[in-house]
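See below for the structure under consideration.
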Amino acid sequence: MVDGEMVTLKVPISLSGSRLDQVLAQMLPQYSRSRLAALAKAGFVTVDSKTASPKTKLFGGEEIHATIVPRDDEAAFVPEEIALNVLHEDEAVMVIDKPAGLVVHPGAGNWSGTVLNGLVFRNPSVINLPRAGIVHRLDKETSGVMVVAKTEAAQLSLVRQLQARTVKRIYVALVRGQVLQEGVVEKPIGRHPHHRTKMAVIGEDEGQGGKSAVTHYRVRQRFRHHSLIECRLETGRTHQIRVHMQSIGFPIEGDLVYSPGAAGVDAAMRDVFRKFGRQALHARELTFDHPVHGESVTFEAAIPDDMRELIEFVRAL
């Protein structure tokens, strides 16, 4: 049976007294009982033309109609016509300027409407590549430049460059506080021990999964309450810049996960930061060796309008 098709079943007398989910599991053994029960709960299963719950008791002779719809994760690679701001494209790679608010890869709560769905629509052949050619990600609310592979060879090359730390990634961030000089944050990052959706600085020797993470930063401009900094990544841990800058006392403005609130500012300022609605972090520049000809190539994405307006706001304070 192909997912999405309807199947018709006649309940045998031998299963009399069994629950609907038990009958479905017996008659459709290629699917898990939990999945079949979930389909019944969602209304995709009828008994004698009436919707029924997984616990409905059957007596034999009933006619079941069940539609086996794809799971969310199975539907994740469905092509969708999503506008992608393409900075460069050739036979091996595509470089895009991702806007804030766009998820890169499908996951819990975001199984569609992602960069991956747009990539599969634009180049159907990438569905045969791991993660449709995605080799690195940007957080949903982080804007900026990222590269994806269009061939297996290109993907392998980019992954090896990332592992060797030869890919140059430069970000621009607006942080709270006056950063006085350039520096390096070299602190391991791992899953937060109590808040599983967050990352945290965690010692590698603490047995909690902390991994080496290195962020270089320098000041571009200082304002009364903020600093505009440039960060260069040596590693690419999840939420790395956000966690590292917060750990040294300069959280990224607008980051509701790692720096909620805006202590010490008036109501008008808090309202502006709230309306901005995301962390003020932008991936400005990306440099890598092209997988085909091997020459170093650099791509840049301009700071988006919303972040430029926020920078001008703090400049005027």
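The values are calculated or read from the model by the stated rules, or taken from the named source; none is laboratory data. This one's a predicted model, so the numbers in the text were calculated from it and none came from an experiment. For neighbour counting, all protein chains shown are included, and Cβ atoms are generated from backbone atoms with ideal geometry for every residue, glycine included.
Scanning region 118-136 for residues that are part of a helix (DSSP H, G or I), in contact with a Gly (Cβ under 9 Å, 6 or more places away or on another chain) and at pLDDT 90 or above turns up at least one hit.
Go through Gly177, Gly210, Gly190, Gly183 for me and flag whichever is assigned by TED's automatic domain parsing to the domain that holds Ile248, more than 30 Å from Phe273 (Cα to Cα) and not hydroxyl-bearing (Ser, Thr, Tyr).
Values: Gly177 fails: more than 30 Å from Phe273 (Cα to Cα); Gly190 fails: more than 30 Å from Phe273 (Cα to Cα); Gly183 fails: more than 30 Å from Phe273 (Cα to Cα).
When all the criteria are applied, what remains is Gly210.
Anything in region 84-97 that is assigned to a loop (DSSP other than H, G, I, E, B) and over 17 Å from the mean Cα position of the chain (by Cα)? List them, or say none. Asn85, Asp90, Glu91, Ala92, listed by residue number. Of the residues contained in region 46-55, one or more are found to be surrounded by 19 or more Cβ atoms within 10 Å (Cβ to Cβ) and in a strand (DSSP E or B). Restricting Ala154, Ala100, Ala173 to those that are assigned to a helix (DSSP H, G or I), in contact with a helix residue (DSSP H, G or I) (Cβ under 9 Å, 6 or more places away or on another chain) and buried (at least 21 other Cβ atoms within 10 Å of the Cβ) reduces the list to Ala154.
Out of Ser49, Ser125, Ser112, report the one residue that is within 16 Å of the chain's Cα centre (by Cα) and of a type in the set (Ser, Thr, Tyr). If you could, list the steps in order and put the result at the bottom.
On the way: Ser49 fails: within 16 Å of the chain's Cα centre (by Cα); Ser125 fails: within 16 Å of the chain's Cα centre (by Cα).
Sole residue among the options that is within 16 Å of the chain's Cα centre (by Cα) and of a type in the set (Ser, Thr, Tyr): Ser112.
Looking only at helices (runs of 4 or more DSSP H) that lie completely in region 208-317, which have at least 3 residues being surrounded by fewer than 20 Cβ atoms within 10 Å (Cβ to Cβ)? Break it down stepwise before answering.
Working: elements: 240-247, 267-276, 305-315.
Hits in region 208-317: 267-276, 305-315.
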